[in-house]
Amino acid sequence: MEKFHELALAGDKAAEKEVAALERIRVTGDVRLALSFEREILSKAMMPFELVSHLEHIDLNRLLEDRNRCAHPSLVAEGEAYSPPGELARLHIRNAVTTLLKHPPAQGKYALERLLADVRSDLFPRKKTEAQDWLASGALKNPRDSLVHNFVFVLLKDILLGEDNFESKQRLQAALNAVSNLHPQAWREAMLAKLSPCIRQINDSKLIDVILFFRLFRHAWELLDVDVSQKLLTFIKEMPAEDFYAVELLLDVDEFRADVLKRINRATIDEIDSNIWFTLPQPIGDRLISLYLNSNSFVVANKIGRSLASQASDLTVEQAMRILSGISKNPEILGSFDLPNLLAALSKKNKGIQGLGEFSELLRKYDLAAFVDSVPP
């Protein structure tokens, strides 16, 4: 009844009805109704309130029967009253605690609906630590595994298959991350059961969203079925141009790095130039330099040279030296109009080059003395 009271305070109409019925029994002192209420309360706890499962209902019903036998002693033999053993009493205590007493009043479908309403609210936090604090004080404080499983299933489906906006997805991801910290074993069981089947439903054109999901939930990668993980790694190696922006985000994921590097090593200048790199990843810089040093026309050399000049400050000193040492070996680069601009950018923007002394000496060292006067001191 305490569970019903808590649900009634939370606005549950069915629970309010049960509380009102018990109050009428107390006021009228109707023994017949009281006995009827007692007989039905466990069944109501199972359905519609979903406070207990079918098997837990059986355990609690045994407790009720033994309680009645003790409250109304009967003789098991002539002159011998019923006296339950201590083991049975301890079993009933354990069942009462693990089945009902330790859990919040809201479980099952009702609790799931409340959790999802919270997460889908604009007020739900988008930071995982704040989301964890929110959920830990509510229905996920001491939940049944079934509630955690169902909550994870819905979150996973909404994240991977839903069409929510960016902020809504952040809330869903924060909630899923919070559950993984609060109830790691139940979270793992749910992900193991549903993650691969969920991904199999996703169209290839949307697989980039799945890949980025594993950047946030790296510990979920090991839970994938082999066919699904192989498909995702193949997607990374064959990543379409419109998704190439993601390589910057995936380079720090150990499980993806080898395949990301393979994709970068096939990148074209157009794929690289079509993205804005906040800081040029070193593998992208290496690919850009390889394309430049293998330029087969003045047009290509000019185009890639302009791209390198714009990224000169992000290049490592080794990359800058590789450019300087390779220029004189390619006549298409030597004859390109934008070469002086690239050399000037390396001289002025690259701190590694600046630390090597006079830039003019470097030019002479790599057979580029003809450009000394073209680069401002």
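Every residue in the range 302-340 that is touching a residue at least 24 places away in the same chain (Cβ under 8 Å) and farther than 24 Å from residue 351 by Cα, please.
329, 330, 332, 335, 336, 337
Restricting attention to the range 132-151, report how many residues are without any contact (Cβ under 8 Å) to a residue 24 or more places away in the chain and assigned to a helix (DSSP H, G or I).
Quick first cut of the range 132-151, residues without any contact (Cβ under 8 Å) to a residue 24 or more places away in the chain only: 133, 137.
Add one more test, that the residue is assigned to a helix (DSSP H, G or I), and what stays is 133.
Total satisfying the criteria: 1.
Looking at the range 239-258, which of its residues are surrounded by fewer than 19 Cβ atoms within 10 Å (Cβ to Cβ) and farther than 21 Å from residue 276 by Cα?
Across the range 239-258, the qualifying residues are 254, 255, 258.
For the range 215-234, state whether one or more residues are closer than 22 Å to residue 166 by Cα and touching a Pro at 6+ places or on another chain (Cβ under 8 Å). Spell out how you get there, then give the answer.
Within the range 215-234, the subset closer than 22 Å to residue 166 by Cα is 215-218, 220.
From the residues that got through so far, the ones that are touching a Pro at 6+ places or on another chain (Cβ under 8 Å) too are none.
Checked the range 215-234: no residue is closer than 22 Å to residue 166 by Cα and touching a Pro at 6+ places or on another chain (Cβ under 8 Å).
Limited to the range 322-356, what total is found for residues that are among the small types (Gly, Ala, Ser) and over 17 Å from residue 312 (Cα atoms)?
Taking the range 322-356 and keeping what is among the small types (Gly, Ala, Ser), we get 325-326, 328, 335-336, 344-345, 347, 352, 355.
Now narrow it down to the ones that are over 17 Å from residue 312 (Cα atoms): 328, 335-336.
So the count comes out to 3.
How do the pairs read when you match residues in the range 82-106 that are surrounded by fewer than 16 Cβ atoms within 10 Å (Cβ to Cβ) with residues anywhere that are among the hydroxyl-bearing types (Ser, Thr, Tyr) and modelled with pLDDT under 65, using Cβ under 7 Å and keeping only pairs 6 or more apart or on different chains?
These pairs meet every condition: 82/74.
Among all residue pairs at least 6 apart or on different chains, which show Cβ distances below 9 Å where the first residue, located in the range 152-170, is closer than 15 Å to residue 128 by Cβ and free of Cβ contacts under 8 Å to residues at least 40 places away in the same chain and the second is acidic (Asp, Glu) and crowded, with 19+ Cβ neighbours inside 10 Å?
Correct list of pairs: 169/158.
Is at least one residue of the range 286-295 in the same structural domain as residue 338 (by TED's automatic domain parsing) and outside any helix (DSSP H, G or I)?
The answer is yes; a qualifying residue exists.
Does residue 351 qualify as being surrounded by fewer than 14 Cβ atoms within 10 Å (Cβ to Cβ), within 15 Å of residue 290 (Cα to Cα) and either of a type in the set (D, E, K, R) or touching a strand residue (DSSP E or B) at 6+ places or on another chain (Cβ under 7 Å) (or both)? Full working, then the answer.
Working: surrounded by fewer than 14 Cβ atoms within 10 Å (Cβ to Cβ): yes; within 15 Å of residue 290 (Cα to Cα): no; either of a type in the set (D, E, K, R) or touching a strand residue (DSSP E or B) at 6+ places or on another chain (Cβ under 7 Å) (or both): yes.
No: the conditions fail for residue 351.
Being touching a Leu at 6+ places or on another chain (Cβ under 9 Å), at pLDDT 75 or above and assigned to a helix (DSSP H, G or I), is that true of even one residue in the range 39-57?
Checking the range 39-57: at least one residue is touching a Leu at 6+ places or on another chain (Cβ under 9 Å), at pLDDT 75 or above and assigned to a helix (DSSP H, G or I).
The values are calculated or read from the model by the stated rules, or taken from the named source; none is laboratory data. As the structure is a prediction and not an experimental result, all values here were calculated from the model. Reconstructed Cβ throughout: ideal geometry from the backbone, glycine too, with neighbour counts over all protein chains shown.
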